[in-house]
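Structure first, then comments.
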Amino acid sequence: LLSRLSLQSLFDYAYFIKADGIIAYIDSETDSIKVPDFLETPDIPVVTVGRFNPQIPQISFIGNNYSETGRLIARTAVETIKPDFRLFILNSMEKNNNSSNRMSTMNSTLKDFFLEPVIFDGDESFNEDMLFDSILVKNYQPAMVICLTEEDSIRTARMASDPGFNSENQIISYGENETISTYFNKGVIETVISLAPEKTGSRAMKEIFDY
């Protein structure tokens, strides 16, 4: 069907039948989608995945490439960080074009909301003592910690379980596995961001139903 019809045609049809919601994959070749100019155009929630296109009317976007992932992580932080919390980003991933694009987009989005993170990346020889002493201890101002690898998430969550941990701190994990899910269920990790296809679909459906 998609090979024979344009995305605009599918949008037009969805509005014509007054669909309850639209989930659309947007690629780099999609210029813009316009809401059809019917006599009575219904208010249909649109969720897009793939690439973010500000020209498309949408209630939410779910990214699936490194730049869009950076934007998603940053937006999650902006929406959930508590007032006056410090912001840290842990990234032990080896540097390459993909990880650099993600970090660049993340920083740009955070700065749009006047958030200046302290970044510990692969060039920093930070260890667990430094992480604990500079971020997690009770005597310091509470912090949000964004972990960009599963290893960083597990290490931070394990240390956050220490009695010296400030229970107000917030941990965001990018990536998910059984151990991370356990910490999330215990409330040690506050937010888990995962872009597995089935989770992307589930999240898109949730956005529609929550609208």
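How big is the Kirkwood radius of region 137-194, worked out from every pair of different alpha carbons and given in Å to one decimal? Across region 137-194, the inverse of the average 1/r is 11.1 Å.
The candidates Met205, Met144, Met93, Met103, arranged from most to least accessible area with a 1.4 Å probe in the full protein assembly, appear as Met205, Met93, Met103, Met144. A Förster radius of 30 Å, combined with the Cβ-Cβ distance separating Ser194 from Ala19, puts the computed FRET efficiency at roughly 0.65. With a threshold of 26 Å on the Cα-Cα distance, the over-threshold entries among Lys186/Lys206; Lys82/Lys111; Lys111/Lys186; Lys34/Lys111; Lys82/Lys186 are Lys111/Lys186; Lys34/Lys111.
The values are calculated or read from the model by the stated rules, or taken from the named source; none is laboratory data. All values derive from a computational prediction rather than experimental measurement. Reconstructed Cβ throughout: ideal geometry from the backbone, glycine too, with neighbour counts over all protein chains shown. Ligands, DNA and RNA are excluded from the accessible area calculation, which covers all protein heavy atoms including side chains. Shrake-Rupley method; radii C 1.70, N 1.55, O 1.52, S 1.80 Å.
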